[in-house]
Amino acid sequence: MSTEEPEPEEEEAEDDIRYFVRIGQTDLDGTKSVERSLTDMNGIGNRTARIICDKAGVDRKATFGRLEEDLIEAVTEKVEQYADEVPEWLTNHQNGYYDGETTHKVGNDLEMMRRQDINRMQMINSYKGVRHKRGQKVRGQRTKSTGRTEGTIGVNVEAIKEEAEDE
């Protein structure tokens, strides 16, 4: 009887995976499917990832690290050109304050743009800016019973029990 050794083709296939795929400033997991891996980027959710895969012509369930270099480049291009290829309502930054353009920010750019928008609202003392400054809810939620940050309101049972034990 012969001892079974893995065929060289299978061994090469296992080693032929990129564990990290870099898009922009983000390292994506190459062991996940393309769609799942894209959702790890800030600014890309399930629907956006599916649209990007369809437009790039990539099987969304394929392992990202096993794709050929040209397919990975196609996905990278579609991520960068996403705002140009979809309707305005599918982007995450419509009608920019300074230029009025519609863009789709991903990665660190999204967080930086969000911080700039909040900072601008605080500087001009808009209603939303004032709410952000105070740490209160911004989008019209109720605040009578939720969103409390200052201590407890009402009866503190533990404090009463401690006082009773001390006496």
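Every read-out reported here was derived from the displayed coordinates using simple, explicitly stated rules and does not represent laboratory data. Just so it is clear, the model here is predicted, and its values are computed rather than measured. Don't worry about glycine lacking a Cβ; one is built from the backbone with ideal geometry, like all the others, and counts go over all protein chains shown.
Report the dimensions of the chain along its three principal axes from the alpha-carbon atoms, largest first, rounded to Å.
Result, largest extent first: 86, 59, 21 Å.
Given Cα pairs under 8 Å that are at least 6 residues apart, what percent is the relative contact order of the chain? Write out the running numbers ahead of the final one.
Details: 154 pairs, mean separation 23.7, N = 167.
Answer for the chain is 14 percent.
Using the basic label-point model (7 angstrom from Cα toward the beta carbon), what is the TYR98 to LYS128 distance in nanometres?
Roughly 1.8 nm, to one decimal.
With a point put 7 Å past each Cα toward its Cβ, work out how far ASN108 is from LEU90 in nm, to one decimal.
2.8 nm
Among LYS78, LYS144, LYS61, which one shows the biggest mean-square fluctuation in a GNM of the chain, springs joining Cα atoms closer than 10 Å?
Answer for the Gaussian network model of the chain: LYS144.
Once you have the Cα-Cα distance between ALA164 and ARG22, take 0.36 nm times their residue separation minus that, and quote the gain in nm to one decimal. Please report the intermediate quantities before stating the final value.
Values: separation 142, 0.36 × 142 = 51.12 nm, distance 6.24 nm.
Computed gain between ALA164 and ARG22 is 44.9 nm.
In the range 89-156, how does Rg compare with the Kirkwood Rh, expressed as the Rg/Rh ratio over alpha carbon atoms?
1.12
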